[in-house]
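Working notes for the structure below.
The values are calculated or read from the model by the stated rules, or taken from the named source; none is laboratory data. Here the structure is a predicted model, which is why all the values come from computation and not from measurement. We place every Cβ from the backbone using ideal geometry, glycine too, and count neighbours over all the protein chains shown.
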């Protein structure tokens with residue numbers, strides 16, 4: 001049986017609906033269900049199943065965004081309820097994986113969905129499971145130990161327990177979803193030069209080194225070398241201590257072809273490696289390459305499971 005994939009259209013003000021439509025123009029070896037507002041699915045090919053609805057906009061009311069200050073809330077409701085619907089399909093076994101188009105966190109928060117991002121929200125919907133955010137391409141895999149938090153809060157959050165937990169989730173996904181029998185992990189250092197013997201901070205020696213040992217991983221290795229070594233084939237994934245060091249590495253290495261993967265869920269979830277791009281929405285300039293890569297990886301991971 002072909003994998004069954006649910007695809008959300010994201011924030012209706014952004015490029016999500018158009019990149020989903022374009023990414024689905026080429027054949028995909030999967031049964032696809034598109035989840036979104038009724039007037040954002042028109043360009044999607046007719047053979048794909050469509051789940052639509054003016055969620056939260058009033059009974060019988062069309063899902064088009066109305067002008068005025070409530071526009072952000074309306075967009076957040078549409079995007080948020082699509083995520084919940086796609087997750088429900090996956091948790092019920094109706095689909096094998098989900099792919100999510102970009103959303104705006106501010107709009108989701110204004111609409112009453114308080115999570116920092118898809119990763120944390122899907123973990124809650126799945127029953128509070130341990131999850132991790134991976135950015136993956138054919139050149140590099142990066143997994144974030146902390147995600148959407150202020151940089152000033154990172155050192156306190158990067159604990160030995162958290163690094164080990166993230167590493168375990170990563171190892172399991174690499175084996176079960178990516179088919180890597182003996183995953184090779186590296187831990188990226190928090191401080192310049194991995195702390196330089198304590199000169200630039202003691203977190204690397206005090207926290208990250210014991211965590212790496214517990215995982216059987218290399219490191220902590222300085223950020224200015226570990227990602228290069230991974231791209232040369234030395235490691236299957238790098239654990240990055242905070243958002244921007246990991247995201248910068250993957251986007252420099254593979255922008256436009258990288259995929260965001262939520263590890264630890266009972267189903268694979270992927271998404272493109274970019275945001276809503278409100279400034280180019282509707283202009284035809286949006287590149288659907290990362291969305292196509294997200295679809296292809298979701299099909300692959302669903303098949304591996």
Read through the list (1) over 15 Å from the mean Cα position of the chain (by Cα); (2) touching a residue at least 60 places away in the same chain (Cβ under 8 Å); (3) part of a loop (DSSP other than H, G, I, E, B); (4) surrounded by 16 or more Cβ atoms within 10 Å (Cβ to Cβ), then give the number of the only condition that residue 179 fails.
-> (4)
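Please verify whether residue 197 is assigned to a strand (DSSP E or B) and over 24 Å from the mean Cα position of the chain (by Cα), treating the condition exactly as stated. Show your work before the answer.
Details: assigned to a strand (DSSP E or B): no; over 24 Å from the mean Cα position of the chain (by Cα): yes.
When the stated conditions are applied, residue 197 does not pass them.
Has the range 232-245 got any residue that is without any contact (Cβ under 8 Å) to a residue 12 or more places away in the chain and not assigned by TED's automatic domain parsing to the domain that holds residue 20?
First, the residues of the range 232-245 that are without any contact (Cβ under 8 Å) to a residue 12 or more places away in the chain: 232-233.
Subset that is not assigned by TED's automatic domain parsing to the domain that holds residue 20: 232-233.
Yes; the residues of the range 232-245 include at least one that is without any contact (Cβ under 8 Å) to a residue 12 or more places away in the chain and not assigned by TED's automatic domain parsing to the domain that holds residue 20.
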Residue hits (the range 264-291; surrounded by 20 or more Cβ atoms within 10 Å (Cβ to Cβ) and farther than 19 Å from residue 11 by Cβ) are 264, 265, 267, 268
Every residue from the range 69-98 that is in a loop (DSSP other than H, G, I, E, B) and over 28 Å from residue 30 (Cα atoms) = 69, 70
Does any residue of the range 279-290 turn out to be in contact (Cβ under 8 Å) with a residue 24 or more places away in the chain and touching a strand residue (DSSP E or B) at 6+ places or on another chain (Cβ under 6 Å)?
-> yes
Somewhere in the range 140-153, is a residue touching a residue at least 60 places away in the same chain (Cβ under 8 Å), crowded, with 22+ Cβ neighbours inside 10 Å, outside the structural domain of residue 258 (by TED's automatic domain parsing) and not in a helix (DSSP H, G or I)?
-> no
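Residue by residue, here is whether (1) closer than 21 Å to residue 261 by Cα; (2) at pLDDT below 70 holds:
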site: 9; (1), (2): yes, no
site: 12; (1), (2): no, no
site: 20; (1), (2): yes, no
site: 27; (1), (2): no, no
site: 33; (1), (2): yes, no
site: 37; (1), (2): no, no
site: 59; (1), (2): no, yes
site: 77; (1), (2): no, no
site: 80; (1), (2): yes, no
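Quick one: is residue 300 within 30 Å of residue 29 (Cβ to Cβ), over 15 Å from the mean Cα position of the chain (by Cα) and surrounded by fewer than 22 Cβ atoms within 10 Å (Cβ to Cβ)? Before you say what the answer is, go through the steps one by one.
Values: within 30 Å of residue 29 (Cβ to Cβ): yes; over 15 Å from the mean Cα position of the chain (by Cα): yes; surrounded by fewer than 22 Cβ atoms within 10 Å (Cβ to Cβ): yes.
Yes.
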When the range 13-29 is examined, which residues are found to be surrounded by 24 or more Cβ atoms within 10 Å (Cβ to Cβ) and either assigned to a loop (DSSP other than H, G, I, E, B) or not assigned by TED's automatic domain parsing to the domain that holds residue 285 (or both)?
-> 14, 15
Which of the residues that make up the range 99-139 are touching a helix residue (DSSP H, G or I) at 6+ places or on another chain (Cβ under 6 Å), in contact (Cβ under 8 Å) with a residue 60 or more places away in the chain and assigned to a loop (DSSP other than H, G, I, E, B)?
-> 101, 102, 103, 129, 130, 131, 137, 139
Qualifying position, being within 21 Å of residue 100 (Cβ to Cβ), crowded, with 24+ Cβ neighbours inside 10 Å and not assigned by TED's automatic domain parsing to the domain that holds residue 92, among 258, 294 = 258
